[in-house]
1. Which one of the conditions (1) within 18 Å of residue 46 (Cβ to Cβ); (2) over 12 Å from the mean Cα position of the chain (by Cα) does residue 182 fail to meet, given that it meets all the rest?
2. Evaluate the following for residue 49: is it more than 19 Å from residue 121 (Cβ to Cβ), at pLDDT 95 or above and in a helix (DSSP H, G or I)?
3. Identify all residues within segment 239-265 that are over 24 Å from residue 276 (Cβ atoms) and either touching a residue at least 12 places away in the same chain (Cβ under 8 Å) or loosely packed, with under 12 Cβ neighbours inside 10 Å (or both); write none if there are none.
4. Please report, ordered by residue number, the strands (runs of 3 or more DSSP E) entirely within segment 151-238 with at least 3 residues that are buried (at least 19 other Cβ atoms within 10 Å of the Cβ).
5. Mind listing just one residue for me: the one in segment 111-128 that is out of contact with any helix residue (DSSP H, G or I) (no Cβ under 8 Å at 6 or more places or on another chain) and touching a residue at least 24 places away in the same chain (Cβ under 8 Å) and, of those, surrounded by the fewest Cβ atoms within 10 Å (Cβ to Cβ)?
6. Does at least one position in segment 78-86 carry a residue that is over 20 Å from the mean Cα position of the chain (by Cα), modelled with pLDDT of 95 or more and under 30 Å from residue 138 (Cβ atoms)?
7. Given the structure, is residue 287 over 26 Å from residue 334 (Cα atoms), out of contact with any strand residue (DSSP E or B) (no Cβ under 6 Å at 6 or more places or on another chain), without any contact (Cβ under 8 Å) to a residue 40 or more places away in the chain and assigned by TED's automatic domain parsing to the domain that holds residue 328?
8. Using the structure shown, decide if residue 332 is within 27 Å of the chain's Cα centre (by Cα), under 28 Å from residue 250 (Cα atoms) and assigned to a helix (DSSP H, G or I).
């Protein structure tokens, strides 16, 4: 009975963390209180909900009238679902009242302090859009792209125009996955990147500053590395696609929902991440070389990551953190069982 009580507390704790840290907006200190979203597809609709639930006015534009109509229904459904799961702190009408649909780009960006571009991943289209936005918006308006892989330098040709432009790439859907990659160009003003990071935090997101323009940024490079190996394992007859998904869903993905890959191996190995690299680094080097990628974990690389881990988690707290990891996994497993019982697999 005591064990069940502790488990119930862990489940409740995990739920509250998700509700407070992911879904609830922080106190508004930013001067950004009006956002324009350009593109009313699934990402644009989700961004509208993210900003509106944070108390920010949203003007949503799409050149396609049918898409604007579809977005209205999608946004209403998303907000209703969030309310059902107690993931917003007010009634759906309160959130929806902050979102206005606009039929022209000029009307959408009028009065906005932040523009979130959510057009398809098409280089020419983004170039055209950002040329229009740079002409329509005052210099103090931040222009952010939801691009999944394209960097600002690719679609904003004038270095002067790049000063207030950056990529803000969300996870999908951003209503539930709070990570947002902030990717400035080399010409983007540091003050613009700083304002973007602060604003996104206030909007309830967890921004990550990407310090160099690399195609795919961090999110899709990590996802791509897993997908490349998954395709190769299927191609080579090692495992079936469904079993790849099983390994991720019931193993790696479940664990990574609580801790990331560096903390995972840090807690899996007595002696921490440095000991893990010493014992298993050669095997990982051989696996990479087998795929034509020779990127050994050099002593300098390991020292850099190990130093960051020890700063976050001194070794004298290692056992305590392992216990926390296991209790969080228990909470996740129990919550997942309940969700599967309700919704099916």
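1. (2)
2. Yes.
3. Answer for segment 239-265, where residues must be over 24 Å from residue 276 (Cβ atoms) and either touching a residue at least 12 places away in the same chain (Cβ under 8 Å) or loosely packed, with under 12 Cβ neighbours inside 10 Å (or both): 240, 241, 242.
4. In segment 151-238, 165-170, 179-184 are the strands (runs of 3 or more DSSP E) which contain 3 or more residues that are buried (at least 19 other Cβ atoms within 10 Å of the Cβ).
5. Looking at residues that are out of contact with any helix residue (DSSP H, G or I) (no Cβ under 8 Å at 6 or more places or on another chain) and touching a residue at least 24 places away in the same chain (Cβ under 8 Å), I get 120.
6. No, that holds for no residue.
7. Taking the combined requirement at face value, the residue satisfies it.
8. Numbers: within 27 Å of the chain's Cα centre (by Cα): yes; under 28 Å from residue 250 (Cα atoms): yes; assigned to a helix (DSSP H, G or I): yes.
Yes: the conditions hold for residue 332.
The values are calculated or read from the model by the stated rules, or taken from the named source; none is laboratory data. Just so it is clear, the model here is predicted, and its values are computed rather than measured. For neighbour counting, all protein chains shown are included, and Cβ atoms are generated from backbone atoms with ideal geometry for every residue, glycine included.
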